[in-house]
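A short reminder: the numbers here are calculations on the coordinates, not readings from a lab. Since the model is a prediction, treat every value here as computed from it, not as a measurement. Here the Cβ positions follow ideal geometry from the backbone for every residue, glycine too, while neighbour counts run over all protein chains shown.
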Amino acid sequence: MSELQDALQEYLAIRHGLGFELRGLASGLRNFVAFLNRAGVAHITTELALRWATQPAQARPATWADRLGMVRRFAVWRRGSDPRTEVPPEGLLPHRYRRTAPYLYTDQEIEQLLVAAARLPSTKGLRARTYVTLFGLLAVSGMRINEALGLDRADVDLVAGILTIRRTKFGKSRLVPLHASTTAALQRYADTRDRTLRAVATRAFFISERGTRITDCIARYTFAQ
């Protein structure tokens with residue numbers, strides 16, 4: 001392992017200890033350090049950082065700027081122990097971030113979605129009920145899909161009518177109060193789930209017919225159907 005790879009491991013450990021998510025950061029910076037190693041360079045340079053950040057060529061300018069930004073933050077930290085380190089200047093890859101306008105479904109479209117979900121093929125009768133309840137919960141609560149799928153059974157208080165959302169976008173938890181009709185719908189789903197699959201290892205509230213937590217990818221694929 002090179003000196004720069006050792007430094008990266010230390011940097012990631014510090015970031016993790018401060019509570020930052022490392023998923024995209026760790027893989028991106030490891031890829032960058034490997035890029036430097038292949039180039040035979042033992043320290044960060046602005047030229048190579050820029051060359052790496054603008055790959056792939058067909059990526060959006062915002063993606064290039066994000067990639068360069070993660071390298072720049074690492075370089076700022078690394079320069080404290082390696083004065084050869086070059087810190088890419090801010091604004092080297094300027095871009096204006098444009099948030100995609102959200103699509104707001106009408107009541108009629110939501111109703112059509114739930115009707116379609118109720119018709120999903122299901123060997124045990126649970127799949128359709130799962131997605132009707134899941135999509136219905138998203139529609140009335142404003143939760144993100146990963147928040148709903150991340151719910152454990154202990155997070156769903158059907159007596160008080162409150163959901164506990166953990167591992168939110170900013171790493172905090174919050175409580176979501178439910179309307180009585182939503183609580184009743186979740187209770188009906190829980191009853192159906194427990195009758196259909198009596199012994200499962202997962203703690204997830206929403207589960208597949210195999211008794212596993214539903215993944216974000218599968219949920220989005222099902223929605224697209």
Problem - At 1.306 mPa s and 10 °C, Stokes diffusion of the stretch 107-224 via Kirkwood alpha-carbon radius, µm² per second - result: 110
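Where the convex hull is taken over the Cα atoms of the chain, what is its projected area averaged over directions, in nm²?
Details: hull surface 65.0 nm².
Quarter of the Cα hull surface area: 16.3 nm².
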Fill in the blank from the handout: Of the candidates LEU29, PRO56, LEU18, the farthest towards the positive dipole end of the stretch 7-56 (Lys/Arg Cβ +1, Asp/Glu Cβ -1, centred on the Cα centre) is PRO56
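Taking only C-alpha pairs under 8 Å that are 6+ residues apart, what is the relative contact order of the chain in percent? Present the calculation step by step, with values, prior to reporting the outcome.
Details: 212 pairs, mean separation 29.1, N = 225.
The normalised contact order for the chain reaches 13 percent.
Explain nothing, just the number: dipole magnitude of the stretch 170-225 about its Cα centre with +1 on each Lys and Arg Cβ and -1 on each Asp and Glu Cβ, in debye rounded to the nearest 20. List each step's numbers first, then the result.
Values: 10 positive and 4 negative charges, 30 e Å.
That gives the stretch 170-225 a dipole magnitude of about 140 debye.
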Completion exercise
Ranked output for segments 126-132, 201-207 by mean other Cβ atoms within 10 Å, highest leading, reads 126-132, 201-207
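Evaluate the charge dipole of the stretch 72-207 about its Cα centre and quote only its size in Debye, nearest 20, assuming +1 on the Cβ of each Lys and Arg and -1 on the Cβ of each Asp and Glu. It would help to have the intermediate numbers written out before the result.
On the way: 24 positive and 12 negative charges, 108 e Å.
It comes to approximately 520 debye.
Checking understanding here: applying a Kyte-Doolittle mean of at least -1.0 and a length along the axis of at least 15 Å (C-alpha), which whole DSSP H helices in the chain pass? Write down the numbers at each step before the final one.
Values: long enough: 3-17 (21 Å, -0.49); 23-39 (25 Å, 0.26); 61-78 (25 Å, -0.21); 107-118 (17 Å, 0.35); 127-141 (21 Å, 0.89); 180-196 (24 Å, -1.05).
Result, helices passing both filters: 3-17, 23-39, 61-78, 107-118, 127-141.
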